[in-house]
1. Please go through the range 153-205 and pick out each residue that is in contact with a His (Cβ under 7 Å, 6 or more places away or on another chain) and either free of Cβ contacts under 8 Å to residues at least 12 places away in the same chain or closer than 26 Å to PRO120 by Cα (or both).
2. Across the range 199-231, what is the number of residues that are acidic (Asp, Glu) and open to solvent by 40 Å² or more (accessible area, probe 1.4 Å)?
3. Could you go through the range 83-93 and let me know if any residue there is among the β-branched types (Val, Ile, Thr), within 18 Å of PHE154 (Cβ to Cβ) and in contact (Cβ under 8 Å) with a residue 12 or more places away in the chain.
4. Determine whether GLY133 is of a type outside the set (A, V, I, L, M, F, W, C), touching a helix residue (DSSP H, G or I) at 6+ places or on another chain (Cβ under 6 Å) and over 26 Å from VAL178 (Cβ atoms).
5. Going by the conditions given, is LEU122 hydrophobic (A, V, I, L, M, F, W, C), at pLDDT below 95 and farther than 17 Å from GLY92 by Cβ?
6. Report yes if ALA208 is of a type outside the set (Asp, Glu), in contact with a helix residue (DSSP H, G or I) (Cβ under 7 Å, 6 or more places away or on another chain) and farther than 21 Å from LEU125 by Cβ, otherwise no.
7. State all residues of the range 33-48 that are more than 21 Å from the chain's Cα centre (by Cα) and either within 23 Å of TRP110 (Cα to Cα) or open to solvent by less than 50 Å² (accessible area, probe 1.4 Å) (or both); if no residue qualifies, say none.
8. Residues in the range 183-193 that are open to solvent by 50 Å² or more (accessible area, probe 1.4 Å) and either among the charged types (D, E, K, R) or part of a helix (DSSP H, G or I) (or both): how many?
Amino acid sequence: FHTSANLLNDCYDYERGLDRDVLPLSGAVVRGWLTSRQVFLAAAGLLAAGVACGLWLVQQAGLTVLYLGIGGAILALTYTRRGFCLKYTGLGDLCIFLAFGVLPVFGTYWVQAERFGWSPLLWSLPPVLYTVGILHANNWRDIESDKERSCRTFAGILGERGSSLYYKILVLGPFALVTAYVVLGRAPLLSLICWLALIPVIRLLKVAGKRGDAFSALDGMTAQAQLVFTVLLCISLFAS
């Protein structure tokens with residue numbers, strides 16, 4: 001579902017006349033390596049594979065998985081599409097927060113434990129803030145070009161100043177959350193090693209502040225910072 005949603009986003013953004021300029025992290029459609037139809041067919045195939053996996057999991061862990069899967073599929077298919085879509089009505093960030101963060105983490109927990117628990121919801125928050133940060137960095141960069149084509153992202157609603165503050169919250173918030181979990185006894189003390197990821201995050205904030213040539217690659221740099229943060233967090237949890 002995750003990969004299918006990304007491919008559909010590339011396909012439909014290109015058809016809307018967006019993302020036509022080749023940037024450091026441009027996809028295969030923009031570069032001319034694949035046609036939008038080829039990408040659409042690949043997305044449909046992956047979506048079908050996701051449904052097949054999901055139906056098997058429903059047999060193993062019950063109807064709760066089906067409800068989670070239906071919710072995730074709706075978000076994936078309506079995130080970006082022809083006509084009305086969540087991404088360009090200012091709801092893209094909320095959609096990604098749910099579809100790429102809370103739902104898959106809670107669903108993974110459910111198929112193993114088959115019961116409700118607050119821990120997976122709490123622990124989905126630090127990583128998914130970075131995931132939303134990746135999206136926001138992309139949309140922040142494209143505010144003007146999106147506006148020209150009547151595409152209203154959350155970054156477009158916030159404007160330059162609001163987008164800058166929002167981005168800082170997204171990339172610094174995970175550190176505050178993990179620290180709060182430790183203080184409240186919900187996480188081991190070793191979890192604080194994730195603060196080492198502040199080194200690449202400081203670089204992100206410098207790039208975001210200067211708005212120079214590197215700003216066009218801020219989304220990819222945010223993904224790299226997310227990788228460092230989540231690897232450190234996983235190491236600390238396993239070690240504890």
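1. Residues satisfying the conditions are TYR166, TYR167, LEU170.
2. 1
3. Yes, the range 83-93 contains a residue that is among the β-branched types (Val, Ile, Thr), within 18 Å of PHE154 (Cβ to Cβ) and in contact (Cβ under 8 Å) with a residue 12 or more places away in the chain.
4. no
5. yes
6. Against the criterion (of a type outside the set (Asp, Glu), in contact with a helix residue (DSSP H, G or I) (Cβ under 7 Å, 6 or more places away or on another chain) and farther than 21 Å from LEU125 by Cβ), ALA208 qualifies.
7. Selection gives SER36, GLY45, ALA48.
8. 6
The values are calculated or read from the model by the stated rules, or taken from the named source; none is laboratory data. If you're wondering where the values come from, they're calculated on a predicted model, not measured in any experiment. Because the Cβ atoms are built from the backbone with ideal geometry, glycine has one as well, and the counts that use them run over all protein chains shown. Note: areas computed on protein heavy atoms with side chains; ligands, DNA, RNA excluded. Shrake-Rupley method; radii C 1.70, N 1.55, O 1.52, S 1.80 Å.
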